[in-house]
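The values are calculated or read from the model by the stated rules, or taken from the named source; none is laboratory data. If you're wondering where the values come from, they're calculated on a predicted model, not measured in any experiment. Backbone-built Cβ (ideal geometry, glycine too); neighbour counts: all protein chains shown.
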């Protein structure tokens, strides 16, 4: 009888062994799946956190701060360029306006008159001419206004001779259209303050 009991016991143990192995395998499978699921969730959370940080650095105040250096760099280039362009345009306008004054018949008559005027040669010497300005590319600079249509001329220009130099002043008006200009002022003031009136040695009117 004991023999049969031990035999049945061994058979029972063998019958329970597969069930125990299955339970252990099931636990291990559940542990593995839960571990994989936990790893996936942890990786997903890390990805979301990284995406939020990336969005925060490319939007809002941070993005504006990143754009400021680029804007400041462009301003440092554009402002000097605009100033240089404005100065160049102003210089061109002044040069063109001065050339127009030099080419008028009034200025040509003045230049011819001072070369042969005795009062001028006594004041500044021979070889009298309009003094060139280096910043006008060697041409004289004429200040004032020459408006032939309105009949108003009021200019001043530096002059020089062999002995000295000074400034020539010329003012003339035309009362009516079609008439000659009447000379109101035509004189040279030397640099030391001595002046000479040139109306005595020049025509009273100019065309």
Out of (1) at negative phi; (2) over 44 Å from the mean Cα position of the chain (by Cα), the odd one out for residue 108 is which?
(2)
Residue identified as at pLDDT 90 or above and under 38 Å from the mean Cα position of the chain (by Cα) among 99, 113
99
If I filter the range 125-147 for residues that are free of Cβ contacts under 8 Å to residues at least 24 places away in the same chain and over 35 Å from the mean Cα position of the chain (by Cα), do I get at least one hit?
no
So, first residue under 15 Å from residue 106 (Cβ atoms) in the range 165-184, second residue modelled with pLDDT under 90 and surrounded by 16 or more Cβ atoms within 10 Å (Cβ to Cβ), Cβ within less than 6 Å, six or more apart or across chains; the pairs are 172/181; 174/181; 181/206
Residue 98: in contact (Cβ under 8 Å) with a residue 40 or more places away in the chain, buried (at least 16 other Cβ atoms within 10 Å of the Cβ), closer than 26 Å to residue 182 by Cβ and not assigned by TED's automatic domain parsing to the domain that holds residue 184, yes or no?
yes
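Residues are listed down the side, and each one gets a yes or a no for (1) under 21 Å from residue 93 (Cβ atoms); (2) not in a loop (DSSP other than H, G, I, E, B):
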{"residue": "135", "(1), (2)": "yes, yes"}
{"residue": "145", "(1), (2)": "yes, yes"}
{"residue": "149", "(1), (2)": "yes, no"}
{"residue": "153", "(1), (2)": "yes, yes"}
{"residue": "157", "(1), (2)": "yes, yes"}
{"residue": "162", "(1), (2)": "no, no"}
{"residue": "167", "(1), (2)": "no, yes"}
{"residue": "172", "(1), (2)": "no, yes"}
